[in-house]
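Derivation of every value follows stated rules applied to the coordinates shown; laboratory data play no part. Since the model is a prediction, treat every value here as computed from it, not as a measurement.
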Amino acid sequence: MKQNISRKKTLSLSYRQAVSFFCAIFSLVSACQSLPQKTRQ
């Protein structure tokens, strides 16, 4: 029972890390895409 709870905690933690990691990559990609457009104008 205790192992199951700790496993759920680690799962939610890794899920949060994955979401924040994905958000960081998404913002980075969008920034890189908007950069060349600004330089062109």
Which label in (i) 22, 19, 9; (ii) 40, 4, 4; (iii) 22, 17, 5 gives the computed semi-axes √(5λ) of the Cα gyration tensor in Å: (ii)
Gain on full stretching of the segment that runs from Lys9 to Ser34 - 0.36 nm per residue minus C-alpha separation: 5.2 nm
